[in-house]
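No lab work stands behind these numbers, since they all come straight from the coordinates. Not measured: the values here are computed from a predicted model. Note that we place each Cβ from the backbone using ideal geometry, even for glycine, and neighbour counts take in every protein chain shown.
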Amino acid sequence: MDSRGQAVVVGGGIGGLSAAVGLHQAGWQVRVLERAPRFSEIGAGIVLWPNALRALRYLGLGEQVDAISEPQRSGGMRRPDGRWITRMDGQTLEATFGSPAIGIHRAHLHQTLLDALPAEALHAGVDVRQLSDVDEADLIIAADGIDSNLRKELWPTHPGSAYSGFTAWRGVCHYDGYVDIGGTLGRGAEAGIVPLADGRVYWYTSMKSAPGIRHDNEKAFVLKEFGSWHDPLPALIEATPAEGVLHHDINFLAVPMPSYVSGRVALLGDAAHAMTPHLGQGACQAIEDAAVLKAAASRAGEVTEILAFYDQHRRPRSQSIAKLSRQTGGFTSGITNPVMERLRNGIMGVTPTSMAMRSLAKIASWTPPA
Ligand SMILES: Cc1cc2nc3c(=O)[nH]c(=O)nc-3n(C[C@H](O)[C@H](O)[C@H](O)COP(=O)(O)OP(=O)(O)OC[C@H]3O[C@@H](n4cnc5c(N)ncnc54)[C@H](O)[C@@H]3O)c2cc1C
């Protein structure tokens, strides 16, 4: 088949690879340029909601992802002492969202995306500093992450990424004991436990902090801060090798982009809409971006039409989810005052599940364009 055109994807993270899979399937000749010496993802898990799963099915990867993911059949929020603030059973979650969210290891998802691309499309060790580093492309997807070089070049007045006020630790470990899925809210801090398909467990913690603070022993620090929280969180941290405890400050795009498109270039994933992780939607939105790009790029038409469709279908939704994620973080783990903490728990405890789920259902019920 003659290709529809030449596309270059800058960045081989979850967003860039998803976009490359979509464009490849839409009949484009694709090259992915990745700065790192090899294609890889960090050793942590991730939660994907039903909206991202629909997007992955649309990218033809439903069965592959089902095989390496663990459905999250319950959920809710606890206090650090283990008492539930709010709890959701699997039936309610499935009735509201259409299907359960999943827990998946990032490396497994990343490998599934790599496997869906021809080997000759993948070019590691290529640092794209500016647009002129990309030759011969009808379409360029800037999926080069939150501090995207291409975004800085094309939108020089945009302020770029900002610190959210939260710093996060993540890890994956082997654990044989019983694991009750869900999140935990403390005072200016949050944690979560997500079982993975291979029997391992992904955990995350985050807390309010000044930016840039690092500890000689990150694992010891997390245990000091979260070691008195309910089981099995301390045991999970303990079971994680010290070098597997990852620490990152959480940055995001505080000022929404005025457009995701400039000429033949489209921003995608964190380059377009990096958001705080409080709704677990950053990668989900990147995968949605890729599905919409595939839908647009499958049609006959000029690149300008394809990208106008993409911008129109992606910007309002992803930016409103980014805003909601930020607000959610402020209400959940952003509260440091004990009185406000009790008020938050009280409000969450008396809010009917159906009401709490309504805004989340809007996010989770998304389907790819026809
Ligand atoms: C603590 C935490 C927890 C999270 N949990 C979830 C969750 O549960 N669910 C969810 O959906 N999302 C979650 N997210 C968000 C999610 O991780 C991101 O939104 C997602 O990984 C973004 O993917 P991306 O491909 O757009 O960007 P990235 O993963 O940043 O990929 C960008 C790629 O571009 C490459 N690159 C950069 N510069 C260049 C260059 N000059 N030339 C070539 N290549 C370049 C990089 O090396 C990298 O491979 C979480 C985020 C954090 C911080």
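Some values worked out for this structure:
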| read-out | value |
| --- | --- |
| Global geometry of the stretch 31-89, whether rounded, prolate or oblate, following the gyration tensor of its Cα atoms and the 1.5 cut on a/c | oblate |
| Ranked 123, 230, 105, criterion: other C-beta atoms within 10 Å, fewest first | 123, 230, 105 |
| For the chain, Kirkwood radius (reciprocal of mean inverse C-alpha pair distance, Å) | 21.1 |
| Cα-based convex hull, the stretch 25-135, per residue volume (Å³, whole number) | 161 |
| Footprinting exposure proxy for 49, 28 (fewest neighbouring C-beta atoms within 10 Å first) | 28, 49 |
| Top of 13, 125, 244 by mean-square fluctuation, Gaussian network on the chain, Cα under 10 Å | 125 |
| Relative exposure of 231, 270, judged by other C-beta atoms within 10 Å (fewest first) | 231, 270 |
| Residue 120 paired with residue 339, simple spin-label distance in nm, labels 7 Å along Cα-to-beta-carbon | 6.9 |
| Computed over the chain: relative contact order in percent, which uses C-alpha pairs under 8 Å that are six or more apart | 23 |
| Binned Cα-Cα distances of the stretch 158-279, short to long, each 5 Å bin given as a whole percent | 2, 10, 19, 19, 16, 12, 10, 6, 4, 2, 0 |
| Across 294/362; 208/362; 208/323, pairs whose alpha-carbon gap is larger than 25 Å | 208/362 |
| Amide H within-cut-off set for residue 75, under 5 Å, with H built and near neighbours excluded | 88 |
| For the stretch 195-245 versus the stretch 273-300, the gap between their alpha-carbon centres in whole angstrom | 29 |
| Shape category assigned to the stretch 129-175 from the gyration tensor of Cα positions, a/c cut at 1.5 | oblate |
| Within the chain, helix-based [θ] at 222 nm, where runs of 4 or more DSSP H residues each add -39,500 (n - 2.57), nearest 500 | -11500 deg cm²/dmol |
| Angstrom value of the Kirkwood radius, inverse mean 1/r, which spans all Cα pairs in the stretch 265-352 | 14.9 |
| Cα gyration tensor, the stretch 139-202 - rounded (a/c under 1.5), prolate or oblate | oblate |
| Integer Hz, Karplus 6.51/-1.76/1.60 couplings in order for the stretch 232-241, x for Gly and Pro | x, 3, x, 5, 5, 5, 4, 7, 8, x |
| Most mobile of 99, 164, 132 in a GNM of the chain (Cα contacts under 10 Å) | 132 |
| GNM result for the chain, Cα springs below 10 Å: residue of 136, 341, 288 fluctuating most strongly | 136 |
| Gain on full stretching of the segment that runs from residue 242 to residue 176 - 0.36 nm per residue minus C-alpha separation | 21.9 nm |
